[in-house]
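To keep things clear, I will list the structure first and then write my remarks on it.
The values are calculated or read from the model by the stated rules, or taken from the named source; none is laboratory data. Everything quoted here is computed from the prediction, not taken from an experiment. Every residue, glycine among them, receives a Cβ derived from its backbone with ideal geometry; neighbour counts consider all protein chains shown.
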2 protein chains.
Amino acid sequence: MHVAILGCGQLARMMALAGIPMGMTFTFLSENGEDTAPVDGLGAVVAADACLTAEELFAAAGKPDVVTVEREQCALQPLQKLAEHCPVHPNTDAIYQCQNRQREKQLLINCNVSHTPFVSVASASDLEVAVEKLGFPMVVKHTEQGYDGKAQWRLYNTGDVENFVTNAQFKLQSDEAAPYVAEPFMNFDREVSFVAVRSRSGEVRVYPAAENVHDNSVLLHSLAPAPGLPQALVDQGQASIRRIMEHLDYVGVMAMECFVTSDGLWVNELAPRVHNSGHWTMHCGVASQFQNHMRAIAGWPLGSTELSGAAGMLNLLGVELNQIEQLDDNVALDWYNKSVRPGRKLGHLVLKDESSASAQTRLLTLKDKVYRK
Amino acid sequence: MHVAILGCGQLARMMALAGIPMGMTFTFLSENGEDTAPVDGLGAVVAADACLTAEELFAAAGKPDVVTVEREQCALQPLQKLAEHCPVHPNTDAIYQCQNRQREKQLLINCNVSHTPFVSVASASDLEVAVEKLGFPMVVKHTEQGYDGKAQWRLYNTGDVENFVTNAQFKLQSDEAAPYVAEPFMNFDREVSFVAVRSRSGEVRVYPAAENVHDNSVLLHSLAPAPGLPQALVDQGQASIRRIMEHLDYVGVMAMECFVTSDGLWVNELAPRVHNSGHWTMHCGVASQFQNHMRAIAGWPLGSTELSGAAGMLNLLGVELNQIEQLDDNVALDWYNKSVRPGRKLGHLVLKDESSASAQTRLLTLKDKVYRK
């Protein structure tokens, strides 16, 4: 079973490390001169050159049995070319829907999924409508750019609106999607995510929901199961991601990030791929999201997503590798083979415990130890 | 952290796959033109050429921070050379003790560990002593050759003894060890094994004992914890392997295979390395024997060896890779990248369940499925 992955970062690395033991081999397709160090030694790395024909690209990718992606912000053209020769999972339409916040919102509406309110913004007058409907404070997000909190603007008053209008690029996207969406600044109690996998035969398995804590808009740590999340919200989230995957005829792992407020669960964002908030699934006795993604796209039976006890994940952001310190306290370590830069995601730690409460205590202790200065 | 492993088989493969995520890189030292397919792509492969000086071998091995082995039947000379430049774990003396059944028996005696009775056999008259002391049936084993039941002879009567004497090579080993040991044919109820890890700082952790079932002297499946093994025998086994490791100042993973009879626990064999009967430790929420071996030899803190629930392991012996069949029933798969030959160890499956009873039922169902003809 030969697999081509579009992307060469840590998610591609961990997919490969999950697939190799199951008899898979890999080719990695790089875009825009991206850093390929995380996949060094795990397979051939080939540039996804736009000039290649479908046949040439398929051959360069090692004639894969299946193609997948590690990110949604990628060129769809190489995937469309490869789809002429072999399955691409998730399918390019699913990726297309999730590439743009406006399309993603429409997808949530079509699937009857509770989502954060929004107004599409393609002009100054749209923004006036948004102010009227949503009030201040408001967040304006670029529909296609930005992750980890980038390409987002918080508007607190009419002065901020004027500044934004002055600097904004109101040019419509090529497919006439508005370039921005405006959302209310959600007064949420907590953020949770649901990670699920759907097989080629349509079986869906959902991992326990994780509670995620961000630092400066970057995920810092996750805890699963999300402590004390009401069963009604768990059920709602699981049913929602299931509906979305079925609607898209999705194959592989998908993640759904949500806000929890006193009014309920609000889906904020979808990721058509394995996701940082699912890294806790490694080393804790379930089939990891990486293993299950590879099993799903290969057409193999899925592995267990049922966790006994609790698991915690701590991202290693901009800290040097130090196994003696970081592996303490029974944790497992996954390092991404990247050079150290401030704030960069370089690896993560996973710990397992009997209960959410004890896992959380250990997670916070570990965080203090890793980030002590 | 760069690691050199002497050996290029599946154990080296799984050690590397456990070490890479923790930031390790690898060089594999091959002996006698062995098959290196299992470690393809996981690091450089270098012949452990006897002509190389210590400096040359150390350089060829990529100037490792630490050296380890995947088998005890290896030349010690390359390890002794490498030990001039970096730590070798387990130490060469520990490997030396376990390379020869007579030395191993003496080690068990020195450590006050209950072992199968034996008589060293270097001549026909030694064999007469053995018959007198042990009676028939009796097993004569070569002290240095043989694994998976090879180089062993079962003697049922004086005719068998005469045949054996006629064909035997009674030449003493170079270090004057007898070439054979004779043991009674143990009338055991079951076989269990203990796998333990000892850190550089002397911390010992023992995994739950596994019950092992062999087919034609080759391990077919393991179940952990060994169902219904009396706590007194668990305690005895754990204390025994701890004493042995401490006696040898051992660093890394060691396995101890035992017979259980109505009279108690009898150590049959030691393996100074990760072991097939410990493969169940992968994918079930403990730090696997491979991960813990790498953590130990690197001088990093150990991971958990405490299993919640139960785990089963089924070897894939001479069967073609078929993920659709083999991954069914929630199992995990590790394939060794070797060519298929009858009876050859090609991979294994691991399953996890709530209890030993349910894990055993699923294991036997899976075995019937994989080996149905």
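Within the stretch A:251-264, how many residues are more than 16 Å from A:Arg205 (Cα to Cα) and crowded, with 24+ Cβ neighbours inside 10 Å?
Count: 1.
What residue, of A:Thr68, A:Thr27, is under 30 Å from B:Leu321 (Cα atoms) and either within 14 Å of chain B (Cβ to nearest Cβ) or of a type in the set (Gly, Ala, Ser) (or both)?
A:Thr27
Suppose the filter is under 18 Å from the mean Cα position of the chain (by Cα) and either within 11 Å of chain A (Cβ to nearest Cβ) or among the small types (Gly, Ala, Ser) (or both); does B:Gly309 pass it? First the steps, then the outcome.
On the way: under 18 Å from the mean Cα position of the chain (by Cα): no; either within 11 Å of chain A (Cβ to nearest Cβ) or among the small types (Gly, Ala, Ser) (or both): yes.
Answer is no for this residue.
Assuming A:Gln236 fulfils every condition listed in (1) surrounded by 24 or more Cβ atoms within 10 Å (Cβ to Cβ); (2) in the same structural domain as A:His275 (by TED's automatic domain parsing) apart from one, which condition is it?
Just one mismatch for A:Gln236, condition (1).
Under the condition of being farther than 30 Å from B:Ser308 by Cβ and more than 13 Å from every other protein chain (Cβ to nearest Cβ), which residue from the stretch B:332-358 is nearest to the chain's Cα centre (by Cα)?
B:Arg344
Count, please, the residues in the stretch B:179-198 that happen to be within 25 Å of B:His279 (Cα to Cα) and crowded, with 20+ Cβ neighbours inside 10 Å.
Of the residues in the stretch B:179-198, 8 are within 25 Å of B:His279 (Cα to Cα) and crowded, with 20+ Cβ neighbours inside 10 Å.
Report whether or not B:Thr53 is of a type in the set (Val, Ile, Thr) and more than 21 Å from B:Gly23 (Cβ to Cβ). Full working, then the answer.
Working: of a type in the set (Val, Ile, Thr): yes; more than 21 Å from B:Gly23 (Cβ to Cβ): yes.
In short, yes.
Can you name every residue in the stretch A:286-297 that is touching a strand residue (DSSP E or B) at 6+ places or on another chain (Cβ under 6 Å) and either without any contact (Cβ under 8 Å) to a residue 12 or more places away in the chain or among the small types (Gly, Ala, Ser) (or both)?
Listed by number, the residues that qualify are A:Ala287, A:Ala296.
Just one of (1) out of contact with any Ser or Thr (no Cβ under 9 Å at 6 or more places or on another chain); (2) more than 8 Å from chain A (Cβ to nearest Cβ); (3) over 13 Å from B:Leu366 (Cα atoms) trips up B:Ser304, so point out which.
With (1) out of contact with any Ser or Thr (no Cβ under 9 Å at 6 or more places or on another chain); (2) more than 8 Å from chain A (Cβ to nearest Cβ); (3) over 13 Å from B:Leu366 (Cα atoms) applied to B:Ser304, the lone miss is (2).
In the stretch A:272-298, how many residues are outside any helix (DSSP H, G or I) and either closer than 13 Å to A:Asp334 by Cα or facing chain B (nearest Cβ under 10 Å) (or both)? Please lay out each step first, then the result.
So the first thing to find is which residues in the stretch A:272-298 are outside any helix (DSSP H, G or I), and the list is A:272-275, A:282-288.
Filter once more, keeping what is either closer than 13 Å to A:Asp334 by Cα or facing chain B (nearest Cβ under 10 Å) (or both): A:282-288.
So the count comes out to 7.
Restricting attention to the stretch B:312-321, and to residues there that are more than 9 Å from chain A (Cβ to nearest Cβ) and hydrophobic (A, V, I, L, M, F, W, C), which single residue is surrounded by the fewest Cβ atoms within 10 Å (Cβ to Cβ)?
Applying the first criterion (more than 9 Å from chain A (Cβ to nearest Cβ)) to the stretch B:312-321 yields B:312-320.
Retained after the next criterion (residues that are hydrophobic (A, V, I, L, M, F, W, C)): B:313-314, B:316-317, B:319.
Numbers: B:Met313: 30, B:Leu314: 28, B:Leu316: 22, B:Leu317: 20, B:Val319: 17.
Result: B:Val319.
Identify the single condition in (1) within 30 Å of B:Gln10 (Cα to Cα); (2) more than 22 Å from the chain's Cα centre (by Cα) that A:Phe58 does not satisfy, given that it satisfies every other one.
Evaluating A:Phe58 over (1) within 30 Å of B:Gln10 (Cα to Cα); (2) more than 22 Å from the chain's Cα centre (by Cα) leaves (1) as the failure.
Run B:Glu176 past the list (1) in the same structural domain as B:Asn268 (by TED's automatic domain parsing); (2) surrounded by fewer than 21 Cβ atoms within 10 Å (Cβ to Cβ) and report the number of the one that doesn't hold.
(1)
Please indicate, with yes or no, whether at least one residue in the stretch B:206-222 is within 17 Å of B:Ala296 (Cβ to Cβ) and in the same structural domain as B:Leu364 (by TED's automatic domain parsing).
Within the stretch B:206-222, one or more residues are within 17 Å of B:Ala296 (Cβ to Cβ) and in the same structural domain as B:Leu364 (by TED's automatic domain parsing).
Looking at the structure I just gave you, is A:Ala48 within 14 Å of another protein chain (Cβ to nearest Cβ) and under 30 Å from A:Leu316 (Cβ atoms)?
In short, no.
Which residue, of A:Gln99, A:Gln10, A:Gln80, is more than 14 Å from every other protein chain (Cβ to nearest Cβ) and under 27 Å from A:Trp300 (Cα atoms)? Can you show your working first?
On the way: A:Gln99 fails: under 27 Å from A:Trp300 (Cα atoms); A:Gln10 fails: more than 14 Å from every other protein chain (Cβ to nearest Cβ).
Exactly one residue qualifies, and that residue is A:Gln80.
Would you mind telling me which numbered condition in (1) modelled with pLDDT of 95 or more; (2) buried (at least 22 other Cβ atoms within 10 Å of the Cβ) B:Trp335 fails?
Unmet for B:Trp335, out of (1) modelled with pLDDT of 95 or more; (2) buried (at least 22 other Cβ atoms within 10 Å of the Cβ): (2).
(1) in contact with a helix residue (DSSP H, G or I) (Cβ under 9 Å, 6 or more places away or on another chain); (2) at pLDDT 95 or above: which one isn't true of A:Arg103, the others all being true?
(2)
How do the helices (runs of 4 or more DSSP H) wholly within the stretch B:24-128 filter down when requiring 2 or more residues that are in contact (Cβ under 8 Å) with a residue 60 or more places away in the chain, outside the structural domain of B:Val267 (by TED's automatic domain parsing) and crowded, with 16+ Cβ neighbours inside 10 Å: which remain?
Working: elements: B:54-60, B:77-83, B:92-98, B:101-110.
Fully inside the stretch B:24-128 and qualifying: B:77-83, B:92-98, B:101-110.
Would you call B:Asp263 more than 12 Å from chain A (Cβ to nearest Cβ), acidic (Asp, Glu) and farther than 22 Å from B:Ala12 by Cβ?
The answer is yes for B:Asp263.
Do you know which residues across the stretch B:301-328 are polar (S, T, N, Q), under 17 Å from B:Leu220 (Cα atoms) and modelled with pLDDT of 95 or more?
The answer is B:Asn315, and nothing else.
Within the stretch A:222-247, can you find the residues that are hydrophobic (A, V, I, L, M, F, W, C) and not in a helix (DSSP H, G or I)?
Residues satisfying the conditions are A:Leu223, A:Ala224, A:Ala226, A:Leu229.
So B:Ile324 fits all but one of (1) in a helix (DSSP H, G or I); (2) without any contact (Cβ under 8 Å) to a residue 24 or more places away in the chain; (3) away from chain A (no Cβ under 14 Å); what number is the exception?
(3)
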